[in-house]
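The values are calculated or read from the model by the stated rules, or taken from the named source; none is laboratory data. Note that the coordinates shown come from a computational prediction; the quantities given were computed from them, not determined experimentally. Cβ placement follows ideal geometry from the backbone for every residue including glycine, while neighbour counts extend to all protein chains displayed.
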């Protein structure tokens, strides 16, 4: 079973991973975006980490809801509302249970990803974060952290040949082809952090 | 770059703005710029916002006759809902608030969330989306046309209507009319450099230009060998006219992207006016300058807005903001 500590660990690791990979995210965001995805995510997760340290919520759902609210309030751009909604909705779906199972988490993540799709109006194949999130949630099953991480990473890499149909990259039309989507990449980092929190091997 | 560190660029600019403009209330911590006399009794308030890096848009357009408040985000990043709700609460007199939103995914999502939260607080909110950039095809396969130069026309004309005491539905309808009557097209002669990245956002070798460029350092749709000012004017006005066939007089904005000297902008305006005359389009008013910028990008955009008598009267109405000021 997964408790509030586990979810706080996930968010703390996510903050560290985003911190480490911020320059790469910004680099990916340069040719097809506006060169700020790394710094925006970094700012948001730093606040998430600080607020979880300050007043640690005592249920898994509360941890994710607080993290989501902080992202909405600090990140801005499209990433803030989208990642914020992902975590908030997943947290809400977990309810107020003190511990949740892998199957509970799978359902909650599915709810969060569906909410992201509804909010952004995107579908898999549009070259967005959904291209990592959807395969990750599919692969997660009832708690396969390693498979989810691999599917998210593979999904992010598979955005390279895609034509962007949503967000700022869509302005480039054909010129968006050949670049890995920064949002799908940060989504893969989030699933990497989840696997790390669960102690999954490489 | 003339900065301290990238992390404080927006806050530093807001502190400077506060010092230069005592007629505005600049909340540096919460990132909201409000006209000092807000809320103005009985009048609709206008709130806009967007990523920083486009100055004077939007903060420089706060003041009587234009915006009631502006919410600056990080560089090229939409502000967050908290800022917009705070701004709406500060300026609402009870007559309602119009959100002026440029059509970018982030701006739309954050303003939508803010509208919901503000309505929960009992504030009546209407929203107008600005999407005038013809370089982006408005289709299911893109995020839709971008909001660029027409934002200035929308904020000025709707702001004047609000200043006259017109009700929210009417101010919103006028804002919508301006947006639907306006089209823009931009070109870049250089990429811009965001403070966070520290190097140009895309490669544009000297001797080449990007046609159909946006205002966030994103490259355009097409790259060509350098053209003359006259050739660029032909191309830009033609692109605008493909989508807008004005039957009456127009407002023209020849807008600099940040690094193009006024000498060149005025020369470019002469060419734009020549093309419009050749196309038989009567120009009522022209504005030349750096108004909707993209940091240090070199280049320009052309916005054409068809106006009727009422829109022209509202355009001519007094305005008193750091970035636009006449008639008072």
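Right, residue A:13: more than 14 Å from chain B (Cβ to nearest Cβ) and in contact (Cβ under 8 Å) with a residue 24 or more places away in the chain or not? For residue A:13, the condition - more than 14 Å from chain B (Cβ to nearest Cβ) and in contact (Cβ under 8 Å) with a residue 24 or more places away in the chain - is met.
Report, by residue number, each residue of the stretch B:87-107 that is surrounded by fewer than 22 Cβ atoms within 10 Å (Cβ to Cβ) and touching a strand residue (DSSP E or B) at 6+ places or on another chain (Cβ under 6 Å).
Within the stretch B:87-107, B:90, B:103 qualify.
Tallying residues that are in contact with a strand residue (DSSP E or B) (Cβ under 9 Å, 6 or more places away or on another chain) and more than 14 Å from chain A (Cβ to nearest Cβ) within the stretch B:108-128 yields 8. The single residue among A:62, A:78, A:46, A:67 that is more than 14 Å from chain B (Cβ to nearest Cβ) and under 24 Å from residue B:72 (Cα atoms) turns out to be A:67. Here residue A:28 fulfils each of the conditions (1) part of a helix (DSSP H, G or I); (2) within 9 Å of chain B (Cβ to nearest Cβ); (3) modelled with pLDDT under 95 apart from (2).
For every residue, the table says whether it meets (1) surrounded by fewer than 17 Cβ atoms within 10 Å (Cβ to Cβ); (2) assigned by TED's automatic domain parsing to the domain that holds residue B:106; (3) within 19 Å of residue B:265 (Cβ to Cβ).
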residue: B:162; (1), (2), (3): no, yes, no
residue: B:192; (1), (2), (3): no, no, yes
residue: B:209; (1), (2), (3): no, no, yes
residue: B:227; (1), (2), (3): yes, no, yes
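When the criteria are applied in full, residue B:81 meets the requirement of being within 14 Å of another protein chain (Cβ to nearest Cβ) and farther than 19 Å from residue B:12 by Cα. Is it the case that residue B:316 is surrounded by fewer than 23 Cβ atoms within 10 Å (Cβ to Cβ), out of contact with any helix residue (DSSP H, G or I) (no Cβ under 7 Å at 6 or more places or on another chain) and touching a residue at least 60 places away in the same chain (Cβ under 8 Å)? Criteria not met by residue B:316. For the stretch B:211-225, filtered to residues that are modelled with pLDDT of 90 or more and within 10 Å of chain A (Cβ to nearest Cβ), the residue that is surrounded by the most Cβ atoms within 10 Å (Cβ to Cβ) is B:215. Summed over the stretch B:23-43, the residues that are more than 28 Å from residue A:74 (Cα to Cα) and either free of Cβ contacts under 8 Å to residues at least 24 places away in the same chain or not assigned by TED's automatic domain parsing to the domain that holds residue B:84 (or both) give a count of 0. Do we find a residue being crowded, with 24+ Cβ neighbours inside 10 Å, in a helix (DSSP H, G or I) and out of contact with any strand residue (DSSP E or B) (no Cβ under 8 Å at 6 or more places or on another chain) anywhere in the stretch A:100-109? Yes, the stretch A:100-109 has at least one match. Within the set B:79, B:64, the sole residue that is buried (at least 24 other Cβ atoms within 10 Å of the Cβ) and assigned by TED's automatic domain parsing to the domain that holds residue B:25 turns out to be B:79. Candidates B:143, B:150: the one that is surrounded by 24 or more Cβ atoms within 10 Å (Cβ to Cβ), touching a strand residue (DSSP E or B) at 6+ places or on another chain (Cβ under 7 Å) and either farther than 22 Å from residue B:247 by Cβ or not assigned by TED's automatic domain parsing to the domain that holds residue B:258 (or both) is B:150. Considered as a group, the residues in the stretch A:161-174 that are more than 7 Å from chain B (Cβ to nearest Cβ) and not in a loop (DSSP other than H, G, I, E, B) include one that is surrounded by the most Cβ atoms within 10 Å (Cβ to Cβ), and that residue is A:169.
Scanning the stretch B:22-59 for residues that are touching a strand residue (DSSP E or B) at 6+ places or on another chain (Cβ under 8 Å), surrounded by fewer than 23 Cβ atoms within 10 Å (Cβ to Cβ) and either outside any strand (DSSP E or B) or on the phi > 0 side of the Ramachandran plot (or both) turns up B:23, B:36, B:38, B:39. When restricted to residues that are closer than 17 Å to residue A:90 by Cβ and in a helix (DSSP H, G or I), the stretch A:114-134 contains 11.
Within the set A:131, A:181, the sole residue that is within 14 Å of chain B (Cβ to nearest Cβ), within 19 Å of the chain's Cα centre (by Cα) and within 24 Å of residue A:17 (Cα to Cα) turns out to be A:181.
I'm trying to understand the selection: among the residues of the stretch A:90-99, which are surrounded by 23 or more Cβ atoms within 10 Å (Cβ to Cβ) and either under 23 Å from residue B:106 (Cβ atoms) or over 18 Å from the mean Cα position of the chain (by Cα) (or both)? Those that are surrounded by 23 or more Cβ atoms within 10 Å (Cβ to Cβ) and either under 23 Å from residue B:106 (Cβ atoms) or over 18 Å from the mean Cα position of the chain (by Cα) (or both): A:90, A:91.
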